[in-house]
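Let me begin by presenting the structure, written as structure tokens, before commenting on it.
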Amino acid sequence: MSSRWVDVVVVGNGVLGLSTAVRLAGRDPGVRVAVVGPAGRDRGASVAAGAMLNCFGEVTTDTGAHPAGRARFSIARQALDEWPGWLDALVELAGPEAAAVQETSVAGTVVVLSGRSGRVATANFAAIEAALVEHGEPHEAVAAEDVAGLTPEFGAHPSRAVHLPREGAVDARAVMAALEAAARRLGVDIVDAIVRELLVDAGKVRGVRLADGETIAAGTAVLAAGSASGALAQAVLPSGAVPPVLHGTGLALLVEPPPSGPRHVLRTPNRAGSCGLHLVPATDPLYAGATNIITPDPAPGPDIGSSQTLLRMLCEQFDHHLADCHVHRWLCGARPVTADGFPLIGGCSIDGLVLATGTHRDGFHCSPVISTHIADIVLGDSTDDRFDRFAPERPPIEAMPLEQAITEAIDHETDAHYEYGLTLPYWLDEDEVRAHIRQRVRRVYEHLDTALLPETVCITRAAVDPAREDLLNTYLRAARAYHSDCKDHTDTTREHGSC
């Protein structure tokens, strides 16, 4: 088949892929860049995103518990500072096609602690408040009745609410259109295709092969294909070298706004095994989301159970008037979630291969900072050492002791049971439910013998999902063998982030 040649091929046309291409072409017009991805972006996380620009709103009890979590938070804080300037730059680069970006930006986020919140969300709300104080971030406690668009069912009336004036949202679809327009104006080649494999020879990237057999030759490949990145990376890297990328299926919808809808982003803290519920008025219709069901293989779409639960909780906890509103569009995308819950960002032992994936819920918000770092790597400039924590070739990050992971997983599982409709008779104590959950969770973790984050291991039905358990066990065995061997052999591969 025919072949073309570029300096850098970016695999993936989501927010990280396009942002990286814009950074590269903007900083060095002499670098020939191609971005490869299907124009429809089917199941892509970027086009289904609510695009909340939330740093403190994403804080959980685990954020500051491990250096990797603290590094991720620091990057998110920088992104919060950079977004206004990044949007201005996009408008200038993209021209008229970027007008909708500024028109749809929303200032301010209100985080609410619903009366239906479980242990996980309640603890995360407290962690958000503590982080706001610790870092001197502007915020204000507000009364729930003063929050526009917040009219929950009686039993779900929020006990607490806090306004974060510097956070907010953009319209993801408008930002994606602006990024693509900016890339084209900068001379980036936009290729409507799917990458079938990375071409590697003698430990060096040679390009990519497309699904139709055509090849694109390149000395550098940036792998930013979201949840599809894992299979491409594992095909060329040693078994166990890199944490596998799982698929976090998220359902959201664009819905007719209720008569008095929100003026700011409304969201809950992150909840059991999932993101927070949220309403985003950056679009007309209103954006409402979202689920996060993590599976080893791509799901054909959201399942009915989690979808029904999402719709019910949106009406119960935010605005019961939503039940009368019409759905304009369903959105579904797959977030890239690594087995250890932390991103894969940086170079590896294959010369010329750079990864930018596994960002879970942080990819859109952190894209201005991540894309700068990836461009620094490709162009040979000095890089940000915070990203060293996320070197792709690494042992799995254990952000907490094993017993703590088990305890947190039990809390996640218990809360999820209630979210999905569990109701106990008056004579049955919750301790009996937790004892049953504890038995399942402990069995899984003792087999893994690794303190992976609860939401990548045990959410809802995940504790009895043999495919997930098999995948994690297979990976962990391979990782122990690979990284143990690396400790015994010091060589130049360490410079590329491996081992």
Fill in the blank from the handout: Within segment 229-276, restricting to residues that are hydroxyl-bearing (Ser, Thr, Tyr) and surrounded by 22 or more Cβ atoms within 10 Å (Cβ to Cβ), the one that is modelled with the lowest pLDDT is Ser274
Exercise for the section: Residue by residue through segment 309-319, note down the ones that are acidic (Asp, Glu) and crowded, with 24+ Cβ neighbours inside 10 Å. Expected result: Asp319
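A quick yes/no check of all residues on (1) at pLDDT below 95; (2) over 28 Å from Glu97 (Cβ atoms):
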{"residue": "Leu164", "(1), (2)": "no, yes"}
{"residue": "Ala174", "(1), (2)": "yes, no"}
{"residue": "Glu180", "(1), (2)": "no, no"}
{"residue": "Arg184", "(1), (2)": "no, no"}
{"residue": "Val188", "(1), (2)": "no, no"}
{"residue": "Ala193", "(1), (2)": "no, no"}
{"residue": "Gly207", "(1), (2)": "no, yes"}
{"residue": "Ile216", "(1), (2)": "no, no"}
Practice task
Just need a number here: residues in segment 75-121 that are buried (at least 18 other Cβ atoms within 10 Å of the Cβ), in a helix (DSSP H, G or I) and touching a Leu at 6+ places or on another chain (Cβ under 8 Å).
Solution key: 9
Completion exercise
(1) hydrophobic (A, V, I, L, M, F, W, C); (2) modelled with pLDDT under 95; (3) surrounded by fewer than 21 Cβ atoms within 10 Å (Cβ to Cβ) all hold for Ala71 apart from (2)
Practice task
Considering only segment 272-302, state which residues are part of a loop (DSSP other than H, G, I, E, B), out of contact with any Gly (no Cβ under 7 Å at 6 or more places or on another chain) and under 30 Å from Glu469 (Cβ atoms).
Solution key: Gly273, Ser274, Cys275, Gly276, Leu277, Pro296, Asp297, Pro298, Ala299, Pro300, Gly301, Pro302
Exercise for the section: Please work out if Tyr418 is in a loop (DSSP other than H, G, I, E, B) and at pLDDT below 90. Expected result: no
Handout entry: Residues located in segment 197-221, provided they are surrounded by 16 or more Cβ atoms within 10 Å (Cβ to Cβ) and closer than 21 Å to Gly40 by Cβ
Key = Val208, Arg209, Leu210, Ile216
Completion exercise
Tyr426: passes all of (1) part of a helix (DSSP H, G or I); (2) loosely packed, with under 15 Cβ neighbours inside 10 Å but (1)
Problem - Residues (closer than 15 Å to His278 by Cβ and acidic (Asp, Glu)) located in segment 311-325 - result: Glu316, Asp319
Exercise for the section: Look at segment 1-28 and say how many of its residues are over 27 Å from the mean Cα position of the chain (by Cα) and part of a helix (DSSP H, G or I). Expected result: 0
Handout entry: Matching entry among Leu331, Leu322 (being part of a strand (DSSP E or B), more than 14 Å from the chain's Cα centre (by Cα), buried (at least 17 other Cβ atoms within 10 Å of the Cβ) and touching a residue at least 60 places away in the same chain (Cβ under 8 Å))
Key = Leu331
Practice task
Could you tell me which of the residues Pro401, Pro396 is surrounded by 12 or more Cβ atoms within 10 Å (Cβ to Cβ) and within 29 Å of Asp485 (Cα to Cα)?
Solution key: Pro396
Problem - Selected residue (criterion: farthest from Arg160 (Cα to Cα)) from residues of segment 131-147 that are free of Cβ contacts under 8 Å to residues at least 24 places away in the same chain and outside any loop (DSSP other than H, G, I, E, B) - result: Glu134
Practice task
Return the residue satisfying two criteria in turn: it lies in segment 51-74 and is of a type in the set (D, E, K, R) and in a helix (DSSP H, G or I), and of such residues it is nearest to Arg119 (Cα to Cα).
Solution key: Glu58
Practice task
Taking the residues in segment 288-299 that are at pLDDT below 90 and either out of contact with any Ser or Thr (no Cβ under 9 Å at 6 or more places or on another chain) or among the aromatic types (Phe, Trp, Tyr) (or both) as candidates, determine which candidate is surrounded by the most Cβ atoms within 10 Å (Cβ to Cβ).
Solution key: Pro296
Exercise for the section: For segment 308-318, state whether one or more residues are at pLDDT 95 or above, assigned to a loop (DSSP other than H, G, I, E, B) and in contact with a Pro (Cβ under 9 Å, 6 or more places away or on another chain). Expected result: yes
Practice task
Run down His412, His417, His447 and say which single residue is out of contact with any strand residue (DSSP E or B) (no Cβ under 8 Å at 6 or more places or on another chain) and in contact (Cβ under 8 Å) with a residue 60 or more places away in the chain.
Solution key: His412
Handout entry: Residue within segment 366-373 that is assigned to a strand (DSSP E or B) and either touching a residue at least 24 places away in the same chain (Cβ under 8 Å) or under 25 Å from Asp7 (Cα atoms) (or both) present
Key = no
Problem - Single condition Gly226 does not satisfy, out of (1) out of contact with any strand residue (DSSP E or B) (no Cβ under 6 Å at 6 or more places or on another chain); (2) over 30 Å from Gly136 (Cα atoms); (3) crowded, with 17+ Cβ neighbours inside 10 Å - result: (1)
Practice task
Return yes or no: is Val280 crowded, with 24+ Cβ neighbours inside 10 Å and in contact with a helix residue (DSSP H, G or I) (Cβ under 8 Å, 6 or more places away or on another chain)?
Solution key: no
Practice task
Output the residue which, of all residues in segment 146-182 that are touching a Leu at 6+ places or on another chain (Cβ under 6 Å) and farther than 23 Å from Leu254 by Cα, is surrounded by the fewest Cβ atoms within 10 Å (Cβ to Cβ).
Solution key: Ser159
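The values are calculated or read from the model by the stated rules, or taken from the named source; none is laboratory data. This one's a predicted model, so the numbers in the text were calculated from it and none came from an experiment. Heads up, the Cβs are rebuilt from the backbone with ideal geometry, glycines too, and the neighbour counts pull from every protein chain shown.
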